[in-house]
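Encoded as structure tokens, the structure appears first; notes follow it.
The values are calculated or read from the model by the stated rules, or taken from the named source; none is laboratory data. Source: prediction; values computed, not measured. Cβ placement follows ideal geometry from the backbone for every residue including glycine, while neighbour counts extend to all protein chains displayed. Keep in mind that these areas ignore ligands, DNA and RNA; they rest on the heavy atoms of the full protein, side chains included. Shrake-Rupley method; radii C 1.70, N 1.55, O 1.52, S 1.80 Å.
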Amino acid sequence: MDYITGQFLVNLLMNGILIGLIYGLMALGLTLIFSVLGIVSFAHGEFYMIGGYVVYYLLQAFGNLEPMIAILIAGAVTFVIGVIFELLFLQPMGKGDIERPGEYAILLTFGLAFFLQHVMIGIVGPFPTKVDRFYDFAEIDWGWLRMKAATVWFFDMPISSSRLIATGVAVVLTALMIWFMSKTWTGRGLQAVSQDRQAASVVGINPSHMNTLAFGLGTMLAGMSGAALVTVFAWVPWVGMPASSKSFIIIVLGGMGSMPGALLGGLVLGIVESFGAGLYPDPSKALAYKDAFGLLVFALVLLVKPTGFFGRKL
Amino acid sequence: MKRIPIQGVLLVLLLIFAFAFPRIMQGQPYWLYVALQSFFWAMMAASWALLAGYAGQFSFAHIAFMGIASYTSGILGRDLGWSPISGIILGTLMAGLVGVLVGYLCLRLRRTYLALFTIAFSEIVRLIINAEHEFTGGPMGLYMEPLLETTSYVPTYYIMLVALIVSLAIMYAIANSRLGLFLRSIREDEEAAAAMGVHVVRYKILAFVITSMIAGIAGALDHHIIGFIAPNELMIPRMSLVIAMAVIGGTESLISASLGAIFIHFAMEWLQKIPVPASWMPSLRENTATLQQFGLSLGEGYLQTNAWRMVLFGLMLMLTLRFWRNGLIQPLLEKIGRQGVAEETVAKRKFSQEENEIEGTEA
Amino acid sequence: MKLEIKNITKNFGGMQALNNVELTIDKSEIIGLIGPNGAGKTTLTNVIDGVYKPSEGEVWLNDERIDHLPPYKIARRGLGRTFQVTRAFRRMTVMENMMVPAMAINPGAKRQNVINKAQGILEFLTFEHLANEYGRGLSGGQQKLLELARLLMLDPDFVILDEPFAGVHPTLQETIYGYIDKVRQEGKAIILISHDMDSIFTLSERLVVLDFGAIIADGNPQNVKQDPVVIKAYLGEDEEEDY
Amino acid sequence: MFRTKRYIYALLILVVAALIFAACATPEVIEKEVIVTVEVEKEVEVEKEVVVTEIVEVEAEAPPVGRCAPMDAADVEVIKIGVPLPMSAPGAVGGGLAMQYAVNIAVDQLNADGGVLGKPVQPVFYDTASLPERGTAAMEYFITQECVVAVVGEYHSSAGVAEKEVAHKYHIPTVFAETWNDTITGAGYAEVFRIAPASSMVAAADVNYISNLEGIEFVVIVTENTDYGLPAADQTAEALATIGIETEIYSADKGVADYSAIITRIQAGPVPDIVMTLTTGEDSYNFENQAIEAGLMPTADTICIANQVAIQPAFWDAVPGGNYCSFRKVGLVPALANEVTQTFEAEYRKRFDIFPESYALEAYDAMMIMANAIENAGSLDPDAIITALEATDITLAQGRYYFPYGSDNPVPDDEPDWMWHQWPDPAVLFIQYFEEGQSATDAAVIFPEVYQTHDTFLIPFGETP
């Protein structure tokens, strides 16, 4: 246990915060979908995966494409897929044709996840790919802050530059999303629907359009987070499964349907995983249980306070 | 009840077929083995249908109970030299015990929350089995003592068949007893059921216990027959297979769910390669490179579709949910069984619809 | 038979839904429970029924304290209720719906006896032709009837009817009147919650008025009607147009 | 509860049906009938006598059923060879696809040269998804449905352990291509051969290499939580302990994308002399990239031993800072490719455009070895094929194949059990990059000495040879 020093703990915390912000971005779309449609999309990770692949193939085809534009295109592609799926499969839920919408949505999105993942295995193949970091950092040495192309040392603590870029994208996207939800007419419409469907429809908002829009936006956010993270992690068609389960954990931690909650939940999950893996006594199992720590916290929160930190009543 | 003779006849025919299967498939142990495995899936799907379709508890932990029972039996056999039979019994009890725990923890959780919690539980179980490899064998898997010291599948086929029939009979009896009635009322409306005097807590837990014990016995039996278990079998995609089988069969009928499982298991085997008509062959031959690009390949008159059958499967699950909410097999069975009654019911429904309309205009 | 509600207070977060409610019912009678929207009528029902635990106070049924008991035990001890929004078991037939309470209170019940009893009740409520229909196939009014039928199967001493006339066809309303009469004849107490003032005044023998979570009047309907406090509480509220 | 009578009737019908059909059913292979009966008896009381008597009765007239392939090549139109591979989750789909492609190349070559024994060869693929249950199904399917004469392939040991049992049951010669678990050949079945290394062999090679380096005291192993990774890590750690080197193992589930906590933890402890990666595929890329970005390896103090997927060009996309990492490569490297390898590689590159991975080479070779053995045996008789396999002496893509220990020459006591029917020479090489973006063909082979293209066992960090 002699490796546990103050510096070590600070490093763990920092790692947890960085990855936590990224996790938060992953879950943002899911929480939006939940707040408006009241369902959890089990195919969330698959949209995340598709977003990453869109960027990968765009950059393969047009090598000098500005990465940020590639991210936007990835968002557009996943938006379209999400909207099509919503129109074809989720619309009947809003119309009351479905006996038990909650269960229907769970099973349906589960099927979609299965479908998309295997379609991608068929199309792109099962071999890992990865996109190199979008931008190289300049070389700097100021003592407390050193930078090289791939790494930044902040008080001697190494931080991957691609991770920093992804975190930046995450923060910008989250800010944009919160602005969109609170300041634009459409965003307020979404919020109105998420709070009271009937009242919203009385004041002239078409809830079923809002459903479609919310699902599309949710999948778009998933796609964009995948697009931003394809430089951080190696990419395979089943990369979405862990992303999905992390997103579930996060939205439950933060409170289903709450956007700031998603960010906070992401941070909590990142920190819990980081400290869990860093401090678990048996080193050979520390990493093996990394996912289990998050799941355990998740299960406990579900049991003790299912509404999470910011959640509304069940 | 008078109205099910057709169904009854069908059932008997089906049973006769099932018992005659080894005879029909003489010299083809492969199909016998496939059938044997399909019975395992049928038990899983039917017990999940009881839990989800009757009691309304959409749990994803079913495969974990299967794993718990199998691993308990396997480890007892390895470390304490227990015979498979006693191992299976204890494994099943263990699954039931964990079922009590999970059922109790899940009392307050509904729908999405329940699904998420049970997924987490199931993953934690798998991660523990994987990580504690000194004890469980971990990813290297665990040898399970064979149930019978024979390489023929005939006796094991009958064992699984009888296990399936007995478990279906037990579940059918439950579904049609007071307990089934209460479970369905809980599914429909917990609060109203409680107001009608139904002990919601007890029956919810009971549903978990019974179904997880059936999943447990199915798993323990099957893995003793295979002789080996690996944690890969507890992965969530395997659970989705169970769910898809039950959904495509029909979650509100045990027999439909189990027939769905058997049907899908056979279909998945058959779909490994699709026989391609000779007339297509020349054009397909020219495109061999394209085919291989997508993980397909062409044998003599066959198209390899290993990866793509999963795509088909996912699509089928989605379409079934969207357009045939009672599954594909259940409506079929109902149609056969209710021919005489159909008209009467339609008339009644029409009547009540009219009444509905009257009220609609008034409100 | 005796139902005592002693000093009940119920808080939701900062909001006080019920405030020191005292009510005793010790004989067979029809009690009308009225009050403006949000007065706490449904909350009171839920507290009596065990869905909510009261923040303060006690509920006693036949000299047994029941406020800590779960709803199913309270139901078995002889207190039944309907719901404001009907809660039929939608994917069960009418007959199955009715078997649930009968089987729940009497584990040893013979299936045939239960069916016979249910058939009698269905005939009385004039919808025996729908015995094999699914709950979801029924109209709103028929669902109300189904809830009443379930209550008869449960056979409680105290019956709480929450808005039994809301959205019900006039012919069915007659049936419900008949039902209330019958239950009254059997010597049971009925707590009737309704916005339909005509029915309340026609039927009830005692009238309780709730406002802001407190009882502001309790007594003979005619007297209560004249009570200035009650008139004030309803001032500016057109209760008929609420619906 | 309500319809007890109906259940009794139903059970009665069941029992009668069981009676009739258990009587009619002929068991395929009956070895120990007595035990059969006893077990059935425990399972369902009602049917015990029925099954007992009938099975025993029928047993006498039962024809021996098993493999359906004829013994003589003249009796078949095509020679079918079963190829079990993982082609869907949770198996390694990538490995399965590559091996399928490699087998197809081998078959095309064989058939272009006139086939085997004058008949064309046809591979029969089956998806085993890394599950033992699927493995058994695959073998039953091959042997009793498709009438294959032999089986080659498989990627996952978890499926392989089940497959070897069925191969043994039907006496079908089988060459395993990429299953490393010791027990595969350790069981000593006459039918089972293996050209992949046993995991103990690889561990031994790793240890051998490390023991040749100077000043190594502390090794960190990062492994994946799979049937490959865990035993490999444990065996390596055990062997390193015997030569006084301390190890620390970190094992991770597949799909863990973020390793930063563990990297921080390693950095907080004593500086490791070597960080060795036993995770595979995308997981190894993730770990290596994150470790390199964090400055854990490679440095002047810490040697980076990457996973062998580092041989792929994708390594440089995924791990841009991976210069000076060495990696262990099982199977040939481009620098040592012979003519067979080059012909195969040219064909393989048409689809994948990379130097074939060891499992692709093994799949190709396994098919070729089997074809060669059938040709030499001159018949489809399993005994003849097994004899021919034991006498294998052929140079293929990975080098010269032979099986030193078999029925004529049993495994001696001082050799481990798994040497039975095991090709002893899978090349286990250590290769090191010394320029960023370097192609694997140009990288230096640093170990073992016989294959060296560079004369030290390690190119120190930052130096260019």
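If you go through region A:262-292 and keep only what is open to solvent by 10 Å² or more (accessible area, probe 1.4 Å), more than 10 Å from chain D (Cβ to nearest Cβ) and either among the basic types (Lys, Arg) or farther than 16 Å from A:Asn15 by Cα (or both), you end up with just A:Pro281.
Does B:Ser47 fit the bill of being among the hydroxyl-bearing types (Ser, Thr, Tyr), surrounded by 24 or more Cβ atoms within 10 Å (Cβ to Cβ), assigned to a helix (DSSP H, G or I) and out of contact with any Asp or Glu (no Cβ under 9 Å at 6 or more places or on another chain)? Judged against the criteria, B:Ser47 is a match. With respect to B:Val125, determine if the residue is under 23 Å from the mean Cα position of the chain (by Cα) and crowded, with 21+ Cβ neighbours inside 10 Å. When the stated conditions are applied, B:Val125 passes them.
Taking region C:113-160 as the range and being of a type in the set (D, E, K, R), assigned to a helix (DSSP H, G or I) and open to solvent by 10 Å² or more (accessible area, probe 1.4 Å) as the test, the residues that pass are C:Lys117, C:Glu123, C:Glu128, C:Arg136, C:Lys144. Out of all the residues in region D:188-211, is one or more in contact with a Cys (Cβ under 7 Å, 6 or more places away or on another chain) and surrounded by fewer than 24 Cβ atoms within 10 Å (Cβ to Cβ)? No, that holds for no residue. Every listed requirement among (1) more than 16 Å from C:Ile191 (Cβ to Cβ); (2) assigned to a loop (DSSP other than H, G, I, E, B); (3) open to solvent by 20 Å² or more (accessible area, probe 1.4 Å) is met by C:Gln84 save one, (1).
Every condition in (1) in contact with a Lys or Arg (Cβ under 9 Å, 6 or more places away or on another chain); (2) without any contact (Cβ under 8 Å) to a residue 12 or more places away in the chain; (3) under 19 Å from B:Leu80 (Cα atoms) is met by B:Glu134 except one, and the failing one is (1). Within region B:8-24, residues that are open to solvent by 80 Å² or more (accessible area, probe 1.4 Å) have Cβ atoms under 6 Å from residues that are assigned to a helix (DSSP H, G or I) in these pairs: B:Arg23/D:Cys24, counting only partners at least 6 apart in sequence or on another chain. Residues that are closer than 21 Å to D:Gly160 by Cβ number at least 3 in the following helices (runs of 4 or more DSSP H) confined to region D:188-279: D:199-212, D:229-242. Restricting attention to region B:121-164, the residues that are more than 30 Å from D:Tyr170 (Cβ to Cβ) and more than 14 Å from chain A (Cβ to nearest Cβ) total 0.
If only residues of region D:246-268 that are open to solvent by 20 Å² or more (accessible area, probe 1.4 Å) and within 7 Å of another protein chain (Cβ to nearest Cβ) are counted, the one that is modelled with the lowest pLDDT is D:Gly255. Among the residues of region C:21-57, those that are over 22 Å from C:Pro71 (Cα atoms) and part of a strand (DSSP E or B) comprise C:Ile30, C:Gly32, C:Ile34. Report, by residue number, each residue of region D:121-135 that is within 20 Å of D:Trp180 (Cβ to Cβ), facing chain B (nearest Cβ under 7 Å) and touching an Asp or Glu at 6+ places or on another chain (Cβ under 7 Å). Selection gives D:Leu131 alone. Restricting attention to region A:164-190, the residues that are open to solvent by 30 Å² or more (accessible area, probe 1.4 Å) and touching a residue at least 40 places away in the same chain (Cβ under 8 Å) total 3.
Note on region A:178-297: enclosed helices (runs of 4 or more DSSP H) holding 1 or more residues that are touching a Pro at 6+ places or on another chain (Cβ under 9 Å) and more than 30 Å from B:Ala307 (Cα to Cα) are A:185-195, A:197-202, A:240-254. Looking at C:Val208, C:Val183, just one residue is under 17 Å from C:Leu23 (Cβ atoms), of a type in the set (A, V, I, L, M), surrounded by 20 or more Cβ atoms within 10 Å (Cβ to Cβ) and in contact with a strand residue (DSSP E or B) (Cβ under 9 Å, 6 or more places away or on another chain), and that residue is C:Val208. Annotation: C:Val94 fulfils all but one of (1) at the interface with chain B (Cβ under 10 Å from one of its Cβ atoms); (2) hydrophobic (A, V, I, L, M, F, W, C); (3) surrounded by 18 or more Cβ atoms within 10 Å (Cβ to Cβ); (4) within 23 Å of B:Phe182 (Cβ to Cβ); the unmet one is (1). Would you be able to say whether some residue in region B:198-220 is at the interface with another protein chain (Cβ under 7 Å from one of its Cβ atoms) and open to solvent by less than 10 Å² (accessible area, probe 1.4 Å)? Yes, there is a match, as at least one residue in region B:198-220 is at the interface with another protein chain (Cβ under 7 Å from one of its Cβ atoms) and open to solvent by less than 10 Å² (accessible area, probe 1.4 Å).
On the given criteria, is D:Thr387 among the polar types (S, T, N, Q), more than 23 Å from D:Glu362 (Cα to Cα) and either without any contact (Cβ under 8 Å) to a residue 12 or more places away in the chain or not in a strand (DSSP E or B) (or both)? The answer is no for D:Thr387.
With respect to D:Ile172, determine if the residue is part of a helix (DSSP H, G or I) and touching a residue at least 60 places away in the same chain (Cβ under 8 Å). The answer is no for D:Ile172.
The lone criterion from (1) within 10 Å of chain A (Cβ to nearest Cβ); (2) open to solvent by 10 Å² or more (accessible area, probe 1.4 Å); (3) under 19 Å from D:Pro90 (Cα atoms) left unmet by B:Asn232 is number (1). The sole residue among D:Tyr126, D:Tyr101 that is among the aromatic types (Phe, Trp, Tyr) and open to solvent by 10 Å² or more (accessible area, probe 1.4 Å) is D:Tyr101.
In region C:25-68, the residue that is modelled with the highest pLDDT out of those that are of a type in the set (A, V, I, L, M, F, W, C) and surrounded by fewer than 18 Cβ atoms within 10 Å (Cβ to Cβ) is C:Trp60.
Would you point out the residue of region D:165-179, among those that are touching a Ser or Thr at 6+ places or on another chain (Cβ under 9 Å) and away from every other protein chain (no Cβ under 11 Å), that is surrounded by the most Cβ atoms within 10 Å (Cβ to Cβ)? Among those residues, the one meeting the criterion is D:Glu178. Condition check: of a type outside the set (A, V, I, L, M), at pLDDT 85 or above and open to solvent by 30 Å² or more (accessible area, probe 1.4 Å). Does D:Glu77 satisfy that? In short, yes. Just one of the listed residues (B:Gly67, B:Gly53) is in contact (Cβ under 8 Å) with a residue 24 or more places away in the chain, within 14 Å of chain D (Cβ to nearest Cβ) and within 30 Å of A:Glu103 (Cα to Cα), and it is B:Gly67. Just one of (1) at pLDDT below 90; (2) farther than 30 Å from A:Ala149 by Cα; (3) open to solvent by less than 30 Å² (accessible area, probe 1.4 Å); (4) not charged (D, E, K, R) fails for D:Phe352. It is (3). Quick one: would you say D:Ala427 is surrounded by 23 or more Cβ atoms within 10 Å (Cβ to Cβ), in contact (Cβ under 8 Å) with a residue 40 or more places away in the chain and among the hydrophobic types (A, V, I, L, M, F, W, C)? No; evaluated as a whole, the condition is false for this residue.
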